[in-house]
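Structure, as structure tokens:
The values are calculated or read from the model by the stated rules, or taken from the named source; none is laboratory data. All values reported here derive from a predicted model rather than from experimental measurement. Note that we place each Cβ from the backbone using ideal geometry, even for glycine, and neighbour counts take in every protein chain shown.
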Amino acid sequence: MKKVITYGTFDLFHIGHLNILKRAKELGDYLVVAVSSDAFNAIKGKKCAIPDDERMAIVEAIKYVDEVIPENSWDQKISDIQEHNIDIFVMGDDWTGQFDFLNDYCKVVYLSRTPDISTTKIKKELKLK
Ligand code: C2G
């Protein structure tokens, strides 16, 4: 069984999030998604509209997703890959190069982002802070 992992905040879930989860799953048989906790997003400097328990529940309900784990720090990726026997690490290409060090542990794949959609854009359009 080929296992894939990806990471993200997935705030105000939108088609860009759905597309990357769909494409990540197409690379293997089992998809683990690490969803950023509110505490970790504070470290990333991101303020979420939706709290982490609800973001995790939404991602968990996506048919491409087999397992959801919390993302609490930048430093958990190697242990996640080892503990979950991951074969492929996937991120959108806005992260290209940032995770190449994981090539020592699994295949690293950057997938093109979906154009013209982002949580920031949605917030602006809804005039959310
Ligand atoms: N994404 C995409 N197309 C968009 C928007 C997002 O493909 N239009 C992808 C991003 O590239 C990322 C995933 O969707 O792979 C989740 O995006 P975010 O929720 O913005 O995640 P981010 O804040 O980048 O957190 O340790 C990694 C971080 O947790 C990534």
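Tabulated data
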read-out	value
Selection count where residues are touching a residue at least 40 places away in the same chain (Cβ under 8 Å) and among the hydroxyl-bearing types (Ser, Thr, Tyr), scope the range 1-38	3
Among (1) touching a residue at least 40 places away in the same chain (Cβ under 8 Å); (2) of a type in the set (S, T, N, Q); (3) within 20 Å of Leu126 (Cβ to Cβ), the one test that Asn85 misses	(3)
Filter pass, Thr114 being closer than 19 Å to Gly16 by Cβ and loosely packed, with under 13 Cβ neighbours inside 10 Å	no
Unmet criterion (only one of (1) farther than 20 Å from Ala49 by Cα; (2) more than 13 Å from the chain's Cα centre (by Cα); (3) buried (at least 18 other Cβ atoms within 10 Å of the Cβ)) for Gly92	(2)
Close pairs (8 angstrom Cβ cut-off, 6 or more residues apart or separate chains): over 13 Å from Asn72 (Cα atoms) in the range 44-56, surrounded by fewer than 12 Cβ atoms within 10 Å (Cβ to Cβ) and of a type outside the set (A, V, I, L, M) anywhere	Lys47/Lys129
Matching option when the condition is buried (at least 17 other Cβ atoms within 10 Å of the Cβ) and within 30 Å of Met1 (Cβ to Cβ), among Ile78, Ile69, Ile58	Ile58
From Lys22, Lys47, residue being at pLDDT below 95 and either on the phi > 0 side of the Ramachandran plot or more than 10 Å from the ligand (Cβ to nearest atom) (or both)	Lys47
Qualifying residue in the range 95-114 (condition: more than 20 Å from Phe13 (Cβ to Cβ), within 14 Å of the ligand (Cβ to nearest atom), in contact (Cβ under 8 Å) with a residue 60 or more places away in the chain and assigned to a strand (DSSP E or B))	yes
